[in-house]
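The values are calculated or read from the model by the stated rules, or taken from the named source; none is laboratory data. As the structure is a prediction and not an experimental result, all values here were calculated from the model. Note that we place each Cβ from the backbone using ideal geometry, even for glycine, and neighbour counts take in every protein chain shown. We work out accessible area using only protein heavy atoms, side chains counted, and drop any ligands, DNA or RNA first. Shrake-Rupley method; radii C 1.70, N 1.55, O 1.52, S 1.80 Å.
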Amino acid sequence: MSVIDNVDLDYIHNEIAMDNSHDAINIIVEGMTDAKLMEDFTIEDKCSIYHVDSRDNVIDLMRRLEAEGKTAYTVAIVDADQNKIMGETLPAHTLYTDTNDIETMIFWSDAFYKIARQLFEASKTPDRASISAIRKNVRIQALFVGELRLVSKRMGWYLSFKDSNTKKDLDFKKFIDYRTMKYGGDKVLVEAVKNHSKLHKLATKDVMTEILILRKEKHPSVELVVGHDVTKVIALALKHVLGKEETKNFNREQVEIVFRAAYGNDDFKKTYLRTAMEDAVRDCGISFLKN
């Protein structure tokens, strides 16, 4: 069995809680794209992969199973989503991604060199050093946004990076110069996000003060940078600076498709997540991950 295309939590709970065969490992992930990715790394007849439509659903389901003592043959994966920094406690057998989310795991892996050659104009990526330089610049731009996301979460400001009505993403050109891909500064970013969120009464200076406080804590960028921000920065760079003719109009979603297609089992085998998955269910004696 492989991906189970049923997101009903009660159904999934009952399937796992009532299964006494103990001949396979249950893997629970957030969404269908996560399930399809995990399918590439697992042995089909040694696991069942369930996607439950959200991070909260993964945690809720695992808390139910934990309370019933039914997690032994189950492992769940959630994006860290900056919650690790916030001191979140996860249920048994529930694991964080190595970095903030799946997209940033891919971004920091060797798969990015393959991704770069698929997306970027050849003259801009003649060697690995040039690709590493592009990755560094993308990381820096995305880090500024990630810092603001965490500050907003901490302070309960509910700043929006996607319009709740139109579903329109924040326009990164408001704070990144698309001609040079340079950051316009904290004040410009904060004002852009405040306007996008329609939170005009929130004092810019208060937000900037909290950003400075966060920076003094010196959190690693892998815990702060958000995958959607990485792929938004890359989409902006494709359109104005780096893109091939066939990729220069790619949006965030199209960039993320390329990310996931390029990430292979050899990349996944290098992650802490893979080791943690094996360790979580080691006592079951079932080899469920591909070599």
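Quick look at the values:
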| item | result |
| --- | --- |
| Meets criteria (in contact with a Gly (Cβ under 6 Å, 6 or more places away or on another chain) and touching a residue at least 12 places away in the same chain (Cβ under 8 Å)) for Glu121 | no |
| Members of the stretch 150-181 that are at pLDDT 95 or above, open to solvent by 60 Å² or more (accessible area, probe 1.4 Å) and under 29 Å from Ala133 (Cβ atoms) | Lys173, Lys174 |
| Scope the stretch 87-96; condition at pLDDT 95 or above, out of contact with any strand residue (DSSP E or B) (no Cβ under 7 Å at 6 or more places or on another chain) and open to solvent by 40 Å² or more (accessible area, probe 1.4 Å); matching residues | Glu88, Thr89 |
| Flag if Lys198 is over 30 Å from Ala116 (Cβ atoms) and surrounded by fewer than 17 Cβ atoms within 10 Å (Cβ to Cβ) | yes |
| Complete set of residues in the stretch 102-115 that are open to solvent by less than 10 Å² (accessible area, probe 1.4 Å) and either under 23 Å from Met32 (Cβ atoms) or of a type in the set (D, E, K, R) (or both) | Thr104, Ile106, Phe107, Ala111, Ile115 |
| Where Asn26 falls short, out of the listed (1) in contact with a Ser or Thr (Cβ under 7 Å, 6 or more places away or on another chain); (2) touching a residue at least 60 places away in the same chain (Cβ under 8 Å); (3) open to solvent by less than 20 Å² (accessible area, probe 1.4 Å) | (2) |
| Within the stretch 123-142, considering residues that are of a type in the set (A, V, I, L, M, F, W, C) and buried (at least 18 other Cβ atoms within 10 Å of the Cβ), the one farthest from Glu88 (Cα to Cα) | Ile131 |
| Candidates Thr74, Thr99 - the one that is under 26 Å from Lys46 (Cα atoms) and open to solvent by less than 30 Å² (accessible area, probe 1.4 Å) | Thr74 |
| Failed item in (1) crowded, with 16+ Cβ neighbours inside 10 Å; (2) not in a helix (DSSP H, G or I), with Val145 passing the rest | (2) |
| Meets criteria (open to solvent by 10 Å² or more (accessible area, probe 1.4 Å) and of a type outside the set (Asp, Glu)) for Ala67 | yes |
